[in-house]
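To start, the structure itself, in structure tokens.
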Amino acid sequence: MSRSVKSPFAMSRSPMAPPRSFLWSRRIFLTLLTGFVLVPVYVMVSSSLKPLADVTGKFRWLPSGLTIRPYIDIWSTVPLAKYFVNSLIVAGAATVCSVVIAVFAAYAVSRYHFRGKRVFTVTVLSTQMFPGILFLLPLFLLYVNIGNATGIALFGSRGGLILTYLTFSLPFSIWMLIGYFDSVPRDLDEAALVDGCGPLGALFRVVVPAAIPGIVAVAVYAFMTAWGEVLFASVMTNDTTRTLAVGLQGYSTLTDVYWNQIMAASLVVSVPVVAGFLLLQRYLVAGLTAGAVK
């Protein structure tokens, strides 16, 4: 009888390897999850390339005809360019203010001991427990009363909307940077002080360069919060200061709903956020995970 010779290249299954049933279950789950994520994106992209009659008719997975006309008409149906500029100004200013204020506040909490430090950190974090709609009416009345008393137009202005977004992005930004600054060794600060730097010099020359991933994570969070916000933008703005998230409603009129243009405009609106996330992904992951283990 001939004996079968086992090939030296045969892969032996490790005793620590997970069972095959788990591997197949994981593959099936990930496949379903991928489909759950990609199918709406495909529907959005395909609908943005269809004529309006095809979008409002019976749905087809494979479009009968493609056109880029919706991507041209979105700029004339509503003043999308003006809304785009408003969103860039508001989101950019809110991001810069959040990062600058959060850096100073987090550095003070991380490096110095003062009375009320714990109360401050708990208060900052507890503000995230309340829903945003709870602050809508108080901020509205506050902006109107300030405008009537001082003549400073906060309601219906970009400045008022920037201040509104700071009330949401700033507490979380401070809290996240506190954890990141705590993970930066204090020996770096002491070495900078020995070399003749003051507290601000140590902050900007040593701590900030070491905390770039955390600062980028804060900036991305603040920008995304301001870019896609709808509730406060729909109340605190007017026709001149309206942002993209609210301006997309202009594609729905009393007589027609331009679904293909809505899909095309939604894709155009998503480009800055998606591009920024892809470019800064490695900083974002590092910034969100830093400080979890000290």
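The values are calculated or read from the model by the stated rules, or taken from the named source; none is laboratory data. As the structure is a computational prediction, the values presented were derived from the model and not from experiment. Every residue, glycine among them, receives a Cβ derived from its backbone with ideal geometry; neighbour counts consider all protein chains shown. Calculation scope for accessible area: heavy atoms of the full protein, side chains included, ligands and nucleic acids excluded. Shrake-Rupley method; radii C 1.70, N 1.55, O 1.52, S 1.80 Å.
What to note about this one:
- Compared with the direct C-alpha span, the chain from S270 to Y42 gains 80.6 nm at full extension, assuming 0.36 nm per residue.
- If you run the Gaussian network model on the chain, springs between alpha carbon atoms under 10 Å, then out of L188, L177, L267 the most flexible one is L188.
- Spacing of the two label points (7 Å from each Cα toward its C-beta) at L142 and F130, in nm: 0.8 nm
- Each part reduced to its alpha carbon centroid, segment 71-140 and segment 195-272 end up 10 Å apart.
- Between T77 and A53, the simple spin-label model (points 7 angstrom out along Cα→Cβ) gives 1.7 nm.
- For segment 107-261, alpha-carbon Rg relative to the globular expectation (2.2 N^0.38 Å, N residues): 1.37
- Here each label is just a point 7 Å from Cα along the line to Cβ, and for T31 and R60 those points are 2.8 nm apart.
- Apolar share of the accessible surface for segment 56-182: 73 percent from carbon plus sulfur atoms, 1.4 Å probe.
- Efficiency of FRET between L254 and V100 - r from beta-carbon atoms, R0 45 angstrom, step 0.05: 0.50
- The listed peptides 272-281, 86-95, ordered by packing as a protection proxy, come out as 86-95, 272-281 (highest mean of other Cβ atoms within 10 Å first).
- Mean separation of Cα contacts under 8 Å, 6 or more apart, over the residue count of segment 167-245: relative contact order %: 31 percent
- Of the DSSP H helices in the chain, those that are both long (alpha-carbon extent of 24 Å or more along the helix axis) and hydrophobic (Kyte-Doolittle mean at least 1.6) are 259-279.
- Solvent-accessible area of M44 with every protein chain in place, 1.4 Å probe, in Å² to the nearest 10: 60 Å²
- Förster radius 25 Å - calculated FRET efficiency between T123 and V194, Cβ distance, rounded to 0.05: 0.10
- Where [x] 58, 55, 38; [y] 97, 66, 33; [z] 100, 74, 36 are the candidate values, the label of the one calculated here for Cα extents along the principal axes in Å is [y].
- As a rough guide to protection, the peptides 33-40, 64-71, 214-221 ranked by mean Cβ packing within 10 Å, highest first, stand as 214-221, 64-71, 33-40.
- Solvent-accessible area assigned to carbon and sulfur over segment 185-230 amounts to 68 percent, based on a 1.4 Å probe.
- For the chain: accessible area per residue (Å², 1.4 Å): 62 Å²
- Shape call, segment 124-202: gyration tensor on alpha carbons, a/c limit 1.5: oblate
- Listed residue (I89, F36, V78) projecting farthest to the positive dipole end of segment 32-117, Cβ model: I89
- The relative contact order of the chain, computed from alpha carbon pairs under 8 Å that lie at least 6 residues apart in sequence, is 28 percent.
- Ranking R158, R115, R20 by solvent-accessible area of protein heavy atoms (1.4 Å probe, all protein chains present), from largest to smallest, gives R115, R20, R158.
- For a modelled paramagnetic label at D239, 7 Å from Cα along Cα-to-Cβ, the residues of segment 143-169 in reach, with backbone nitrogen under 18 Å, are 156-158.
- Gyration tensor (Cα) of segment 112-165, equivalent ellipsoid semi-axes in angstrom: 28, 15, 10
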